[in-house]
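K.L.:
The structure that follows is given in the form of structure tokens.
The values are calculated or read from the model by the stated rules, or taken from the named source; none is laboratory data. Everything numeric in this text was worked out from a predicted model, so none of it was measured. Note that we place each Cβ from the backbone using ideal geometry, even for glycine, and neighbour counts take in every protein chain shown. Ligands, DNA and RNA are excluded from the accessible area calculation, which covers all protein heavy atoms including side chains. Shrake-Rupley method; radii C 1.70, N 1.55, O 1.52, S 1.80 Å.
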Amino acid sequence: MTSSPFVLLRECDTLVVITPDGAEHHLSERGVAPLYQACMNGWLKGAKVVDKVSGLGAAVVMARGGVTRYYTRVVSRKAMAYLEARGIPGEALEVVDGIINRRGDGPCPLEARLSRVAECDYWDEIVAFIEEL
């Protein structure tokens with residue numbers, strides 16, 4: 001990996017997954033959808049992830065998929081704590097109290113949704129959220 005993993009994010013990318021064999025998967029969808037897709041494709045097992053924004057939903061998907069390290073421009077405190085509790089190290093350029101929605105007028109809908117359920121229900125909520133998109 002290059003000296004700064006953030007250089008891997010091209011202008012159109014929202015996520016880059018680097019698999020253990022060095023393959024890079026560049027994804028451009030917004031929100032948690034590309035990370036979920038990478039998880040379902042099996043790309044996250046043992047992978048490093050470079051993400052633009054990582055909220056709690058992203059953290060849950062990373063942990064579920066088996067990510068070994070993450071790099072993100074912006075991470076919420078809840079996401080960082082969730083990953084730290086699972087022994088997944090990372091680097092963030094900015095740590096925020098919560099992720100803001102795309103309109104900039106409220107919280108990220110997935111992070112808000114997860115704050116209303118028990119941790120054991122996070123995955124089911126993420127799957128339901130993705131299916132509603």
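K.L.:
Pick from Val7, Val16: which is of a type outside the set (Phe, Trp, Tyr), open to solvent by less than 20 Å² (accessible area, probe 1.4 Å), farther than 27 Å from Cys120 by Cβ and outside any loop (DSSP other than H, G, I, E, B)?
P.N.:
Val16
K.L.:
Can you name every residue in the stretch 99-133 that is under 17 Å from Thr14 (Cβ atoms), open to solvent by 60 Å² or more (accessible area, probe 1.4 Å) and not basic (Lys, Arg)?
P.N.:
Across the stretch 99-133, the qualifying residues are Ile100, Pro109, Leu133.
K.L.:
Out of the residues in the stretch 32-51 meeting the condition of being within 11 Å of Pro20 (Cβ to Cβ) and without any contact (Cβ under 8 Å) to a residue 40 or more places away in the chain, tell me which one is surrounded by the fewest Cβ atoms within 10 Å (Cβ to Cβ).
P.N.:
Lys45
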